[in-house]
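**Q** Encoded as C-alpha cells, here's the structure I'll be asking about.
The values are calculated or read from the model by the stated rules, or taken from the named source; none is laboratory data. Every value quoted in this text rests on a predicted model; they were computed, and no experiment measured them. In this analysis, Cβ positions are derived from the backbone assuming ideal geometry, glycine residues included, and neighbour counts consider all displayed protein chains.
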Amino acid sequence: MKSNAFCSWSGGKDSCFALHRASLNPEIEVKYLVNMVNKEGKIGHGLDPRVFEIQARALDLDIKQKEVTWDTYEKGFKETVGKLDVGHGVFGDIELEGHREWVENVCSTLRIDPILPLWGEEPEELFKEFIEKHESVIIKIDSEKIERGWLGESLSEDFFEYLVENDLHPMGENGEYHTFVINGPLFKRSLKIDENKVEDVEDRSDFILHFGVEEV
C-alpha cells in the first residue's frame, strides 16, 4: 500500500520538480501541497495566495495554506502538516545543508519521513532537465545579480547561458531568482499569467512580479 505524502510548496521550479520526481516513486502518493504564505510579502515570494490555489487546482491536488511570519513559520508548518494523514514529506532542497537540517528536524518531530528527490544533483543538469519538461516564469530577482529585463521571462537555454556567463548558480540557490511554474507533466491544465506589475522590495535589492493567473 502506498504511503500518503505532502509536498512543501512554493509554486516554483524546485518544489514542482521535486513533486514530479516524487510522483515516479511507487511507494508514495502525494495528496497535498503545503504552502506557507504571508500577505506582507516576506514569505511565498510575496505572491497573492490565490495564485497557489489556482496552481493546485491545475495539478488536481489539495492545497493546505497557512498565513505565517518568519517567527511563526515553523510552528505554522508543523500545525498544518500535523493535521494531515501522511507518512512522508517531499521537499525541493538541492544543496543547502541548513535547509536539509531544518527539514529533517521538523519531520522527525512530526514522525514522518522526508524525501528530497533533487538533493545532491548537479544544478546544471537539474536546470536542463527541468526546462525540458516544464514551463515556468521568472517572478522574482535579486537585481544586484540578475538584470531586471529577465523578470517575467520563461526559464530557457538563453537564461541558463546568462547565468553561467555571470558565474551565478543555475538553480538560484543563493536567491538569485525565483520562478512560478505554469505547465508540466503533472498539470491537468496549463496556466497563463496576466495583469502583472513589478514592485521592488523595501530595503532589499529584490524585484517581484505581481500577477494574476488563469487556466488555459
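**Q** For GLU214, all conditions in the list (1) touching a Pro at 6+ places or on another chain (Cβ under 8 Å); (2) surrounded by fewer than 17 Cβ atoms within 10 Å (Cβ to Cβ); (3) not aromatic (Phe, Trp, Tyr); (4) not in a helix (DSSP H, G or I) hold save one; what is the number of the exception?
**A** (1)
**Q** Within segment 53-78, restricting attention to residues that are crowded, with 16+ Cβ neighbours inside 10 Å and touching a helix residue (DSSP H, G or I) at 6+ places or on another chain (Cβ under 7 Å), which residue is nearest to ILE115 (Cα to Cα)?
**A** Going through the qualifying residues, I end up with PHE77.
**Q** When you go through ILE112, ILE146, ILE138 one by one, which is the residue that is more than 15 Å from CYS7 (Cα to Cα), buried (at least 16 other Cβ atoms within 10 Å of the Cβ) and either among the polar types (S, T, N, Q) or over 18 Å from the mean Cα position of the chain (by Cα) (or both)?
**A** That would be ILE146, the only listed residue that is more than 15 Å from CYS7 (Cα to Cα), buried (at least 16 other Cβ atoms within 10 Å of the Cβ) and either among the polar types (S, T, N, Q) or over 18 Å from the mean Cα position of the chain (by Cα) (or both).
**Q** Further question: What pairs can you find where one residue is in segment 154-175 and surrounded by fewer than 17 Cβ atoms within 10 Å (Cβ to Cβ), the other is in a loop (DSSP other than H, G, I, E, B) and of a type in the set (Val, Ile, Thr), and their Cβ atoms are less than 7 Å apart, with a gap of 6+ or different chains?
**A** Here the result reads GLU173/ILE94, each pair linking segment 154-175 to a residue that is in a loop (DSSP other than H, G, I, E, B) and of a type in the set (Val, Ile, Thr).
**Q** Sticking with this one: Here are ALA22, ALA5: which of them is under 30 Å from GLU122 (Cα atoms), in a helix (DSSP H, G or I) and more than 13 Å from the chain's Cα centre (by Cα)?
**A** Residue meeting the stated conditions: ALA22.
**Q** A follow-up question, please. Could you please find all residues in segment 115-128 being closer than 17 Å to HIS169 by Cα and either more than 16 Å from the chain's Cα centre (by Cα) or in a strand (DSSP E or B) (or both)?
**A** Within segment 115-128, GLY120, GLU121, GLU122, GLU124, GLU125, LYS128 meet the criteria.
**Q** For GLU165, all conditions in the list (1) acidic (Asp, Glu); (2) at pLDDT below 95; (3) at negative phi hold save one; what is the number of the exception?
**A** (2)
**Q** Given (1) part of a strand (DSSP E or B); (2) over 22 Å from ALA58 (Cα atoms), identify the lone condition not met by GLY175.
**A** With (1) part of a strand (DSSP E or B); (2) over 22 Å from ALA58 (Cα atoms) applied to GLY175, the lone miss is (1).
**Q** Which residues, taken from segment 79-102, are in contact with a Ser or Thr (Cβ under 8 Å, 6 or more places away or on another chain) and surrounded by fewer than 20 Cβ atoms within 10 Å (Cβ to Cβ)?
**A** GLY87 - this is the single residue of segment 79-102 that is in contact with a Ser or Thr (Cβ under 8 Å, 6 or more places away or on another chain) and surrounded by fewer than 20 Cβ atoms within 10 Å (Cβ to Cβ).
**Q** Within segment 32-110, which helices (runs of 4 or more DSSP H) (wholly inside it) include 1 or more residues that are at pLDDT 95 or above and more than 28 Å from ASN183 (Cα to Cα)?
**A** Of the helices (runs of 4 or more DSSP H) lying wholly inside segment 32-110, those with at least 1 residues that are at pLDDT 95 or above and more than 28 Å from ASN183 (Cα to Cα) span 73-82, 97-110.
**Q** Can you report the number of residues in segment 129-158 which are in a helix (DSSP H, G or I) and of a type in the set (Asp, Glu)?
**A** 4
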